[in-house]
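What follows is a set of notes on a single structure, which appears directly below.
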Amino acid sequence: MAYTDLNAFIQKLEEMGELIRIREPLDPYLEISEITDRVCKREGPALLFEKVKGKEIPVLTNLFGSMKRMCLALEVEHLDQPGEKIMAWLKTDPPRTLIQKLHLIPRLMGLKALFPKTVSKASCQEIVIRESPDLTPFPILTTWPLDAGPFITLPLVITKDPHNGRRNVGMYRLQVFDHQTLGMHWQTHKGGAQHFRLAEAEGRDLPVAVVLGPDPVLTYAATAPLPEEMDEFMFAGFLRQEPVQLVKCLTVDLEVPANAQIVFEGVVKAGERRPEGPFGDHTGYYSPVDEYPVMHLTCITHRKNPIYPATVVGIPPMEDAFLGKATERIFLPLLRQTLPEIRDMHLPVAGAFHNFAFVALDKRYPGHARKVMQALWGLGQMMFSKFIVVFDREIDVQDLNQVLWQWGANVDPKRDMVLLEGPVDALDHASPYPLLGSKIGFDATTKWAGEGLIRPWPEKIQMDQAVKNRVDQIWPHLGIDHSFPKKS
Ligand SMILES: Cc1cc2nc3c(=O)[nH]c(=O)nc-3n(C[C@H](O)[C@H](O)[C@H](O)COP(=O)(O)O)c2cc1C
Ligand SMILES: [Mn+2]
């Protein structure tokens, strides 16, 4: 059963000892951030700050900040499960026998869950503020000392394509400029920015809804790198196996999740830009001031006694590590639809997800590693990967010791390096230009004669199997295990 709302998830976490309530009065300016940072770094519990200085509304942080909570959020045992489920769908063959047809019916029923349902009454609209909507009562955090102000950090930003009406939901932070205006930090590569580009080209403002605290699956879905034309709420319906319930906004032509805590409705005005930032970002650096569009509030709605959710980003690892991990696992099977030769992929947390991609490849022909790099650089947000390193199929790319061993041992930099220029992540500060820089690939696979190898590739060391079997047998009598300190 999908979580009915964020409160249901909070209750679940509390029952499992995965959430603690903090009653000490704390400042939304830096203090809550510092506490959250310390807890994130230790993969500690979700934190519900009940007393926020100067505000009535409690703040929730670190909601997704452990593998266990990320799995609980998606209601799975393991993060590979949603991807496996998607593949089972894609691989459904047409039924040939009656029995097969009967088996298919429940799965087809499950398809209904994909489509969002519109409802007329919603808890997110229990309280409606149309007259002079005001952000002041909301405990929006300032997370780092050099930040330009408070930022909304865990929002779902909903827009529609002004031409075909298709919805996009993306997580883009918003800077509070004043009690009614927000800086809209959708980067130029993202769905929201594309909708605004289309509207602005015709001199039109773009309606926007900013949603805080729907059930956790929806929040995850807003971060997922879906193909441009795919509705994140359909994807969420698939993940939660129940349709997302939407309600019409009151002042803009958009729908928002009925179960959300808080909704900010508004428009992003054509032709308007304001300096946004600096903001202590998930790269571990402050992203500098840049010109971004501006959202003007038209209405605020919220439930009675809302909770304000936030995340703190900073030097990794932080909470977003687990949102990223979910994406790595869920999208791998989909990626393998195009690139079945990829065995596994690791986007390490310390690389803020786009700096490194380590790939295990079932190498089939000369130059195969290069083909895979180039395919990845052409695939959605994988284009941001700054270092792609390709390994042989048996290498566990999740194990950084194996990664560094093979990367170091198997690469002749001059022969095995691919260097190219192209778009880079908007937050990359190392590239010579904003948005444009270089990327590098390393082929760390075993090289073949067909790839110009003129001497034999050496044999990897392996123990004799008969010896291993004998040692397995006598091992318990040797008393060696007792001499190791016990693992906690
Ligand atoms: C905590 C968090 C904050 C994010 N902030 C931003 C942001 O400010 N701007 C942005 O363009 N992407 C941001 N992202 C990444 C996008 O949410 C992500 O690229 C998503 O796939 C975009 O959806 P879209 O493809 O529908 O645009 C953030 C992600 C997370 C997890
Ligand atoms: Mn999208």
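Nothing in this text is a laboratory measurement; each read-out follows from the coordinates by a stated rule. Computed from a prediction, not measured in an experiment: that's the story for all the values here. Backbone-built Cβ (ideal geometry, glycine too); neighbour counts: all protein chains shown.
Numbers at a glance
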read-out: 12 Å beta-carbon shell around Leu141, net charge (K/R +1, D/E -1); value: -2
read-out: Protection-proxy order for peptides 471-482, 359-370, each taking the mean of Cβ atoms within 10 Å per residue, highest first; value: 359-370, 471-482
read-out: Assigned charges on the beta-carbon of Lys, Arg, Asp, Glu; the range 188-345 dipole about Cα centre (debye); value: 320 debye
read-out: The range 94-244, dipole about Cα centre (Lys/Arg Cβ +1, Asp/Glu Cβ -1), debye to the nearest 20; value: 880 debye
read-out: Efficiency of FRET from Cβ geometry, Arg273 and Gln241, R₀ 45 Å, rounded to 0.05; value: 0.60
read-out: Cβ-defined net charge surrounding Lys51, 14 Å radius [Lys, Arg +1; Asp, Glu -1]; value: -1
read-out: Estimated FRET transfer efficiency when R0 is 30 angstrom, pair Ile454-Gln402 (beta carbons, to 0.05); value: 0.65
read-out: Alpha carbon centroid spacing (whole Å) that separates the range 352-374 from the range 55-90; value: 28 Å
read-out: Structure-based [θ]222 nm, the chain - -39500 (n - 2.57) summed over DSSP H runs of at least 4, per residue, nearest 500; value: -8000 deg cm²/dmol
read-out: Cα-based equivalent ellipsoid, the chain: semi-axes from gyration tensor eigenvalues, Å; value: 41, 27, 26
read-out: Selection from Asn469, Gly450, Ser120 lying farthest towards where the dipole of the chain points positive, charges on Cβ; value: Asn469
read-out: Listed residue (Val268, Ala224, Phe238) projecting farthest to the positive dipole end of the range 215-276, Cβ model; value: Val268
read-out: Cα gyration tensor, the range 438-488 - rounded (a/c under 1.5), prolate or oblate; value: oblate
read-out: Cα-based helix-to-principal-axis angle, 98-111 vs the chain, degrees rounded to 10; value: 50 degrees
read-out: Net charge contributed by nearby residues that have their C-beta within less than 15 Å of Arg240 (K/R +1, D/E -1); value: -2
read-out: In degrees, nearest ten, helix 465-474 long axis to first principal axis of the chain (Cα); value: 70 degrees
read-out: Cα lying deepest toward the dipole's positive end in the range 325-479, options Ile395, His354, Gly479, charges on Cβ; value: Ile395
read-out: Percent RCO, i.e. relative contact order, over the range 398-488, from Cα pairs under 8 Å lying at least 6 residues apart; value: 21 percent
read-out: Helix axis angle, 368-377 relative to the chain longest principal axis, alpha carbon, degrees; value: 10 degrees
read-out: Residues Met230 and Glu202, FRET efficiency given R0 of 30 Å [Cβ-Cβ distance, rounded to 0.05]; value: 0.80
read-out: Assigned charges on the beta-carbon of Lys, Arg, Asp, Glu; the chain dipole about Cα centre (debye); value: 1100 debye
read-out: Count, lysine Cα pairs under 21 Å in the range 1-129, 8 or more residues apart or across chains; value: 8
read-out: The range 356-488 shape via C-alpha gyration tensor axes, a/c threshold 1.5; value: oblate
read-out: Stretch gain in nm, segment Leu102-His477, where the contour uses 0.36 nm per residue and the Cα spacing is subtracted; value: 129.4 nm
read-out: Label-zone membership for the range 400-421, site Thr446, 7 angstrom Cα→C-beta point, backbone N under 14 Å; value: 410
